[in-house]
Amino acid sequence: MFAFRAPYNIFTMTTRRNPPSLKDIAALTLRTWRQAAAFFLSIELALMLLVAVATVGGVWLAVMHDLHSLLAFGFAIAYVAVRIRLHVKRVLSWPFI
């Protein structure tokens, strides 16, 4: 009785134009990946992934009452210092943590 019906075509209703073709979507995807390739091949991404793994592992080890969690958290904290040093040396150029 009080249910709302979904519009027939949400994309056309919200953008007021025809949806892009598969060729347009492929071209946009390729252009986006080419622009982002420098980041995905950088040291920054590897460091961020290592810190994420160390943080999750550190939390897990802390829950298990293992002192190795201090080593994992130390690595995650040392990342900030290493990142600052790499930015000063201009090895990294991405402006976020």
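Assuming 0.36 nm per residue, please report the length gained on full extension of the stretch residue 89 to residue 77 beyond their Cα-Cα distance.
Details: separation 12, 0.36 × 12 = 4.32 nm, distance 1.95 nm.
Difference between extended and current length: 2.4 nm.
If you stretched the chain out fully between residue 27 and residue 39, how much longer would it get, using 0.36 nm times the residue separation minus the C-alpha to C-alpha distance? Please list the in-between numbers first.
Numbers: separation 12, 0.36 × 12 = 4.32 nm, distance 1.96 nm.
Answer, rounded to one decimal: 2.4 nm.
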Task: ³J(HN,Hα) computed for each position of region 74-89 - Karplus, 6.51 cos²θ - 1.76 cosθ + 1.60, integer Hz, glycine/proline x - done: x, 5, 5, 6, 5, 4, 4, 5, 5, 5, 4, 5, 5, 5, 5, 7
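Packing-wise, with mean Cβ within 10 Å as the measure, how do 76-83, 51-58 rank, highest first?
The most tightly packed comes first, giving 51-58, 76-83.
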Open item on the list: Per residue of region 33-44, what does 6.51 cos²θ - 1.76 cosθ + 1.60 with θ = phi - 60° give for ³J(HN,Hα)? Whole Hz please, x for Gly and Pro, Karplus curve as stated.
Closed with: 5, 5, 6, 8, 4, 4, 6, 5, 9, 8, 5, 4
Task: Per-peptide average of other Cβ atoms within 10 Å, ordering 33-40, 67-74 highest first - done: 67-74, 33-40
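Quick note: the coordinates plus some simple rules give every number you see, no bench work behind them. If you're wondering where the values come from, they're calculated on a predicted model, not measured in any experiment. Cβ sites come from the backbone with ideal geometry, for glycine too, and all protein chains shown count toward neighbours.
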